[in-house]
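The values are calculated or read from the model by the stated rules, or taken from the named source; none is laboratory data. This one's a predicted model, so the numbers in the text were calculated from it and none came from an experiment. Neighbour counts run over all protein chains shown; Cβ positions are idealised from the backbone, glycine included.
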Amino acid sequence: MNIFRLAGDMSHLLSVILLLLKIRTTKSCAGISLKTQELYVVVFLARYLNLFTRYYSFYNTVMKLVFIATSVCIVWYMRFHKVVKQTYNKDLDTFRHYVVIPPCFLLALLVHHEFTVMEVLWTFSLYLEAVAILPQLILLQRTRNIDNLTGNYIFLLGAYRALYLLNWIYRFFMEKAQARWISWISGLVQTALYADFFYYYIKSWKNNEKLKLPA
Amino acid sequence: TPEEGVKDEL
């Protein structure tokens with residue numbers, strides 16, 4: 001474990017906790033993409049299968065359970081909670097997210113490190129996570145006023161993979177870890193998708209004005 | 001060989 005990875009995991013954990021708090025306290029999921037949340041459930045289920053087959057550490061196991069539980073909980077709130085589901089921007093969250101699942105799976109079948117079920121699913125989860133934020137970013141452009149909690153949620157979610165990039169650089173040079181092209185390229189693509197959001201988020205924070213993405 | 005190293009990550 002290194003500081004970059006710990007900071008990344010904490011940023012990721014904080015993002016999902018912030019989102020859950022927003023939904024629970026405001027009883028609203030306005031501005032949140034259900035499609036992105038559902039893609040994240042698939043990402044975590046596909047990636048954390050080794051939860052049952054390999055024990056790394058208490059931390060590793062707990063964090064996997066927390067990410068699976070919170071992502072499922074958020075989807076439940078947005079789909080079934082009688083009050084929250086009324087606030088879902090169904091008409092704006094129109095990205096056909098199921099379209100990105102087959103290509104990511106196909107790519108995982110073609111480009112992977114080892115052709116086993118676990119490895120292909122793990123690779124699939126990396127490719128899918130790289131594009132999972134797309135529905136949310138598109139919804140943001142259509143949302144007139146983005147509330148602070150949503151903005152902070154997306155910032156932390158983007159920051160987590162950016163910190164993982166630093167973690168991979170650190171491990172490559174300090175721990176002489178082997179090249180991990182699949183993780184690196186997926187992580188780069190994922191972080192690059194947040195580029196313009198980061199720009200507008202930092203600008204709004206500097207000028208102390210409301211976060212607004214150009215349509 | 002599978003990336004055992006990276007599997008300890010989340």
| query | For segment A:82-138, which residues satisfy the criterion of being among the aromatic types (F, W, Y), assigned to a loop (DSSP other than H, G, I, E, B) and surrounded by 17 or more Cβ atoms within 10 Å (Cβ to Cβ)? | reply | A:Y88, A:F95
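One line per residue, one yes/no per condition, for (1) touching a helix residue (DSSP H, G or I) at 6+ places or on another chain (Cβ under 8 Å); (2) acidic (D, E); (3) within 14 Å of chain B (Cβ to nearest Cβ); (4) under 26 Å from A:I146 (Cα atoms):
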| residue | (1), (2), (3), (4) |
| --- | --- |
| A:A7 | yes, no, yes, yes |
| A:L14 | yes, no, yes, yes |
| A:I32 | yes, no, no, yes |
| A:V83 | no, no, no, yes |
| A:P102 | no, no, no, no |
| field | Set A:L166, A:L92: member being under 30 Å from A:R54 (Cα atoms), in contact with a helix residue (DSSP H, G or I) (Cβ under 7 Å, 6 or more places away or on another chain) and at pLDDT 95 or above | value | A:L166
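Residues are listed down the side, and each one gets a yes or a no for (1) within 18 Å of the chain's Cα centre (by Cα); (2) within 10 Å of chain B (Cβ to nearest Cβ):
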residue	(1), (2)
A:L156	yes, no
A:A159	yes, no
A:Y164	yes, yes
A:R180	no, yes
A:D196	yes, no
A:S204	no, no
| Does A:L18 fit the bill of being under 17 Å from A:L126 (Cα atoms) and assigned to a helix (DSSP H, G or I)? | no
| Out of A:A30, A:A69, A:A46, sole residue that is touching a residue at least 12 places away in the same chain (Cβ under 8 Å) and part of a helix (DSSP H, G or I) | A:A46
| Which is assigned to a helix (DSSP H, G or I), touching a Cys at 6+ places or on another chain (Cβ under 8 Å) and either within 24 Å of A:L211 (Cβ to Cβ) or in contact (Cβ under 8 Å) with a residue 40 or more places away in the chain (or both), of A:M63, A:M78? | A:M78
| said: If I ask for residues that are within 13 Å of chain B (Cβ to nearest Cβ), surrounded by fewer than 21 Cβ atoms within 10 Å (Cβ to Cβ) and at pLDDT 95 or above, which ones from segment A:45-59 would you list? | reply: A:Y48, A:F58, A:Y59
| task | Pick out the one residue from A:L188, A:L165, A:L213, A:L156 that is buried (at least 18 other Cβ atoms within 10 Å of the Cβ), under 16 Å from A:R5 (Cα atoms) and aliphatic (A, V, I, L, M). | result | A:L156
| field | Residue count, segment A:109-137 (criterion: within 14 Å of another protein chain (Cβ to nearest Cβ) and not charged (D, E, K, R)) | value | 13
